[in-house]
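Data block below; observations after.
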Amino acid sequence: MIDLTHEITAAMPLPAGAVATELAPAAGLGGGIRLDAAAGTHVLTPAAVTAGGLTLEQFPLTQFFGLGVVLDVAAFAGGEIPPETLTALGDDLQLAQFLLLRSGWDRYWGEDTYRQGYPVLSAAAAALLAQLPDLGGVATDAPSLDAPGTATPVQQALAAGNKLAAVDLCHLELIQGRHCLLNLIPLPLSGLKACPVRALAFEAPAGIYYPGVQN
């Protein structure tokens, strides 16, 4: 099991406009938590970018857990990932329930550099992914699937296919090989467009195979 989640702290970096993080442990049970829905490692629903889009509770749990296929996109830093890079995955792309874009950008977490220059999907690549019937969503170790300073064309294209977007993941380089089982299950919050998650990758032990994957 590999933790792909940034630690939540009061000093964690946040996107513009986010509510400040507050953690107040209590002497007795529990304590106080104030956390923006888009803080840290989090999942975004179509409602985050499209009026009338689905919110968290409108997705089945099965869309937040499944076969993840890792794609190294570090070479596209500062540019767009073309559709040919996706189709080169072959059958893996058709089987994937999540596509994980590994850019290595999490190494800049907490720095100004983190929110600029990361690779993003091209419009054609996003449209291709939106049409895949088994794909539940796309995850990245960068702050967004869209380029900084733009609208959200990639997320909107994915939302048209009711796909989830998960951003601000980390440590994707620890996943051995191309496959894992990915968990992005959020709390059962009603009406929200986004939610922090404990992103976890599960690697199959030797002799156990991933669903649908030919070995």
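The values are calculated or read from the model by the stated rules, or taken from the named source; none is laboratory data. All values reported here derive from a predicted model rather than from experimental measurement. Backbone-built Cβ (ideal geometry, glycine too); neighbour counts: all protein chains shown.
Results, tabulated for the structure shown:
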item	result
Lone qualifier among Ala142, Ala147, Ala166 - being touching a Phe, Trp or Tyr at 6+ places or on another chain (Cβ under 9 Å) and part of a strand (DSSP E or B)	Ala166
Residue satisfying all of: in the stretch 193-214; surrounded by fewer than 20 Cβ atoms within 10 Å (Cβ to Cβ), in a loop (DSSP other than H, G, I, E, B) and at pLDDT 95 or above; nearest to the chain's Cα centre (by Cα) among these	Arg198
Residues being out of contact with any helix residue (DSSP H, G or I) (no Cβ under 7 Å at 6 or more places or on another chain), of a type in the set (Gly, Ala, Ser) and surrounded by 16 or more Cβ atoms within 10 Å (Cβ to Cβ) - total across the stretch 138-178	4
Single match in Ala51, Ala39 (criterion: over 17 Å from Leu145 (Cβ atoms), surrounded by 17 or more Cβ atoms within 10 Å (Cβ to Cβ) and among the small types (Gly, Ala, Ser))	Ala39
All positions within the stretch 65-105 that are assigned to a loop (DSSP other than H, G, I, E, B), in contact with a Phe, Trp or Tyr (Cβ under 8 Å, 6 or more places away or on another chain) and among the aliphatic types (A, V, I, L, M)	Ala77
Close pairs from the stretch 18-41: first at positive phi, partner among the basic types (Lys, Arg), Cβ under 9 Å, at least 6 apart	none
Flag if Ala18 is modelled with pLDDT under 95 and touching a Gly at 6+ places or on another chain (Cβ under 8 Å)	no
